[in-house]
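Novice: There's a structure below that I have some questions on.
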């Protein structure tokens, strides 16, 4: 019985750790929802339209930071016996560049989707201008904070705790597949969702898993996740996984739903998969280049040391 529960390091085995973590997260989420429900209408908290740039949307996702961070922090130390930073959250090295570079990549991929659909006549632009509450500057700042919170929450849980525990127990490939399927399932209850839409989101999870694997840092997938969502909604006016997030461009998608994703947004269409494949290819090329540069430096250092040795 002990062997079924405890691994060689004296920790609960991977499956049991994930089960306990999930229970902790659900208990905390339920407690917070009940507490907030005493002061704010629960339906308003959950259904607040992002398109309105409503501060309640910011509050909802801000509370999500608590729901995500506390269970992960506790489980990482108590169950995993590892530091929270070891999830890939070190503030040493190029972590800021990972966030900024990831954000630029995410926005660039969404720009590619927008321009492709526009060029092929799959978009009909109604107007250009901020669609949301208040001034464009205030609205965009709220959306920046909202989508930073979303990126932190989902990456910390999925590519952080879930993926890394699955990888330690099952290996990298099964961890990518299982964590991505879970990521897709987490969006199954969004507006206009479907099995196809969830599979599309799951493929986006593969892109984010690759971003973690090439750096072993969560900052890059957090940056890509933020840039993808922010570009998708506030900048280019698509629904963000079925949720209206306003935008600087108001348009109608009139192309084939199987390609464009329809009312759910690009993730439910083939256009998103193409963009994500481009993202994966760019990440792989960047990784290979970094690897080659590092190998060249190591070879040069070894050669220099050899030349300096006495004959």
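The values are calculated or read from the model by the stated rules, or taken from the named source; none is laboratory data. Being a predicted model, the structure only gives us computed values, none of them experimental. No Cβ is skipped: glycine too gets one built from the backbone with ideal geometry, and neighbour counts run over all protein chains shown.
Novice: What residue, among those in region 240-258 that are on the phi < 0 side of the Ramachandran plot and under 22 Å from the mean Cα position of the chain (by Cα), is modelled with the lowest pLDDT? Lay out the reasoning, then the answer.
Specialist: Residues of region 240-258 on the phi < 0 side of the Ramachandran plot: 240, 243-245, 248-258.
Among the residues that remain, those that are also under 22 Å from the mean Cα position of the chain (by Cα) are: 240, 243-245.
On the way: 240: 91, 243: 85, 244: 84, 245: 80.
Per the criteria, the residue is 245.
Novice: For region 117-128, how many residues meet the condition of being crowded, with 18+ Cβ neighbours inside 10 Å and assigned to a helix (DSSP H, G or I)? Working first, answer last.
Specialist: The initial filter retains those residues of region 117-128 that are crowded, with 18+ Cβ neighbours inside 10 Å, namely 117, 122-123.
Within this subset, residues satisfying the condition of being assigned to a helix (DSSP H, G or I) are 117.
The total comes to 1.
Novice: Within region 201-221, is there a residue that is touching a strand residue (DSSP E or B) at 6+ places or on another chain (Cβ under 7 Å), crowded, with 21+ Cβ neighbours inside 10 Å and closer than 24 Å to residue 97 by Cβ? Walk me through how you get there before you give the answer.
Specialist: Just the residues of region 201-221 that are touching a strand residue (DSSP E or B) at 6+ places or on another chain (Cβ under 7 Å), to begin with: none.
Among the residues of region 201-221, not one is touching a strand residue (DSSP E or B) at 6+ places or on another chain (Cβ under 7 Å), crowded, with 21+ Cβ neighbours inside 10 Å and closer than 24 Å to residue 97 by Cβ, which makes the answer no.
Novice: Only one residue in 138, 144, 177, 150 is assigned to a helix (DSSP H, G or I), more than 13 Å from residue 213 (Cα to Cα) and without any contact (Cβ under 8 Å) to a residue 60 or more places away in the chain, so which one is that?
Specialist: Every option except 177 fails the conditions.
Novice: Give just the number: which of (1) part of a helix (DSSP H, G or I); (2) closer than 23 Å to residue 273 by Cβ; (3) touching a strand residue (DSSP E or B) at 6+ places or on another chain (Cβ under 8 Å) does residue 191 not satisfy?
Specialist: (1)
Novice: Taking the conditions exactly as written (over 17 Å from the mean Cα position of the chain (by Cα), assigned to a helix (DSSP H, G or I) and surrounded by fewer than 18 Cβ atoms within 10 Å (Cβ to Cβ)), does residue 274 satisfy them or not?
Specialist: yes
For every residue, the table says whether it meets (1) closer than 22 Å to residue 171 by Cα; (2) without any contact (Cβ under 8 Å) to a residue 60 or more places away in the chain.
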{"residue": "205", "(1), (2)": "yes, yes"}
{"residue": "211", "(1), (2)": "yes, no"}
{"residue": "229", "(1), (2)": "no, no"}
{"residue": "251", "(1), (2)": "no, no"}
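Novice: Related question: Filter region 127-150 down to the residues that are under 15 Å from residue 248 (Cβ atoms) and at pLDDT 90 or above, then identify the one that is nearest to the chain's Cα centre (by Cα). Steps first, answer last, please.
Specialist: Initial filter on region 127-150 (under 15 Å from residue 248 (Cβ atoms)): 127-144, 147.
From the residues that got through so far, the ones that are at pLDDT 90 or above too are 144, 147.
Values: 144: 14, 147: 10 Å.
Result: 147.
Novice: Among the listed residues 231, 223, 227, 265, identify the single one that is within 18 Å of the chain's Cα centre (by Cα), at pLDDT below 95 and closer than 19 Å to residue 154 by Cα.
Specialist: Details: 231 fails: at pLDDT below 95; 223 fails: at pLDDT below 95; 227 fails: at pLDDT below 95.
None of the others qualify; the one that does is 265.
Residue by residue, here is whether (1) at pLDDT 90 or above; (2) within 16 Å of the chain's Cα centre (by Cα); (3) exposed (fewer than 15 other Cβ atoms within 10 Å of the Cβ) holds:
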{"site": "58", "(1), (2), (3)": "no, no, no"}
{"site": "80", "(1), (2), (3)": "yes, no, no"}
{"site": "85", "(1), (2), (3)": "yes, no, yes"}
{"site": "89", "(1), (2), (3)": "yes, yes, no"}
{"site": "105", "(1), (2), (3)": "yes, yes, no"}
{"site": "108", "(1), (2), (3)": "yes, yes, no"}
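Novice: Follow-up. Is at least one residue of region 244-260 in a helix (DSSP H, G or I), touching a helix residue (DSSP H, G or I) at 6+ places or on another chain (Cβ under 7 Å) and surrounded by fewer than 22 Cβ atoms within 10 Å (Cβ to Cβ)?
Specialist: Within region 244-260, the first condition is being in a helix (DSSP H, G or I), and the residues that meet it are 257-260.
Next, only the ones that are touching a helix residue (DSSP H, G or I) at 6+ places or on another chain (Cβ under 7 Å) stay: 258-260.
If we keep only those that are surrounded by fewer than 22 Cβ atoms within 10 Å (Cβ to Cβ) as well, we get 258-259.
Within region 244-260, one or more residues are in a helix (DSSP H, G or I), touching a helix residue (DSSP H, G or I) at 6+ places or on another chain (Cβ under 7 Å) and surrounded by fewer than 22 Cβ atoms within 10 Å (Cβ to Cβ).
Novice: Which of (1) out of contact with any helix residue (DSSP H, G or I) (no Cβ under 8 Å at 6 or more places or on another chain); (2) touching a residue at least 24 places away in the same chain (Cβ under 8 Å); (3) under 20 Å from residue 245 (Cβ atoms) is the odd one out, the single condition residue 189 does not satisfy?
Specialist: It is condition (2) that residue 189 fails.
Novice: Would you confirm whether or not region 178-188 contains a residue that is at negative phi, buried (at least 21 other Cβ atoms within 10 Å of the Cβ) and in contact with a strand residue (DSSP E or B) (Cβ under 8 Å, 6 or more places away or on another chain)?
Specialist: no
Novice: Which condition from (1) at pLDDT below 90; (2) farther than 18 Å from residue 148 by Cα; (3) not in a helix (DSSP H, G or I) is the one that residue 216 breaks?
Specialist: Every listed condition holds for residue 216 apart from (1).
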